[in-house]
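Contents: one structure, followed by commentary.
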Amino acid sequence: MTNRCLGLIIKDQDPLTLPLEASVQQACERMWERRVGAVLVTDDKGILAGIFTGRDAVKMLAEGGHPGEVRLAAAMTAEPDTIDCLCTAIDALRMMSDGGYRHLPCVDEQGRIRGIVSRGDFQGLELDRLEEETTLWERIC
């Protein structure tokens, strides 16, 4: 299958979420424990407020921050792009390629967090299809 529904990709997922008040150190520890590359950061109502990735950790360190002191609210990427779970793998790959990021939160029709996809979640045929589309657009333009 070359264009799976995101709902199928994330159906058994338990995404890593942490509150805005959690420290960067706590986030990095949890990411290491779970072997994931991103944390979905939520507000006090459980609504997605941001995403924290390894890139955000590197940026915080480069700016002289201390992981135990810096809160996710200050280190995360706020208001990240999201994608509806009913969209397809190609839709997600296009968004990630166009936006230059590797992780994309998946939400339902009400905006509730359902999961997160990363480039590694996609199969060869889906990646091949994105490459074909990109090549075609480059020829046209």
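Give the range 6-35 a look and list any residue that's in contact (Cβ under 8 Å) with a residue 24 or more places away in the chain and either aromatic (Phe, Trp, Tyr) or closer than 14 Å to Leu104 by Cα (or both), or say none.
Once the filter is applied, which keeps residues that are in contact (Cβ under 8 Å) with a residue 24 or more places away in the chain and either aromatic (Phe, Trp, Tyr) or closer than 14 Å to Leu104 by Cα (or both), the range 6-35 yields Leu6, Gly7, Ile9, Ile10, Gln13, Pro15, Leu16, Thr17.
Pick from Asp108, Asp128: which is surrounded by 11 or more Cβ atoms within 10 Å (Cβ to Cβ), modelled with pLDDT under 90 and over 25 Å from Ile47 (Cβ atoms)?
Exactly one residue qualifies, and that residue is Asp128.
Can you name the residue in the range 75-90 that is surrounded by fewer than 17 Cβ atoms within 10 Å (Cβ to Cβ) and free of Cβ contacts under 8 Å to residues at least 40 places away in the same chain and is also nearest to Leu104 (Cα to Cα) among such residues?
Among those that are surrounded by fewer than 17 Cβ atoms within 10 Å (Cβ to Cβ) and free of Cβ contacts under 8 Å to residues at least 40 places away in the same chain, it is Asp81.
For residues in the range 53-95 being among the charged types (D, E, K, R) and in contact with a strand residue (DSSP E or B) (Cβ under 9 Å, 6 or more places away or on another chain), which is modelled with the lowest pLDDT?
Asp91
Across the range 12-44, what is the number of residues that are farther than 16 Å from Arg112 by Cβ, surrounded by 16 or more Cβ atoms within 10 Å (Cβ to Cβ) and among the polar types (S, T, N, Q)?
The qualifying residues number 2.
The values are calculated or read from the model by the stated rules, or taken from the named source; none is laboratory data. What you are looking at is a predicted structure, and each value in this text was computed from that prediction instead of being measured. A quick note on method: Cβ atoms are made from the backbone with ideal geometry, for glycine too, and the neighbour counts reach across all protein chains shown.
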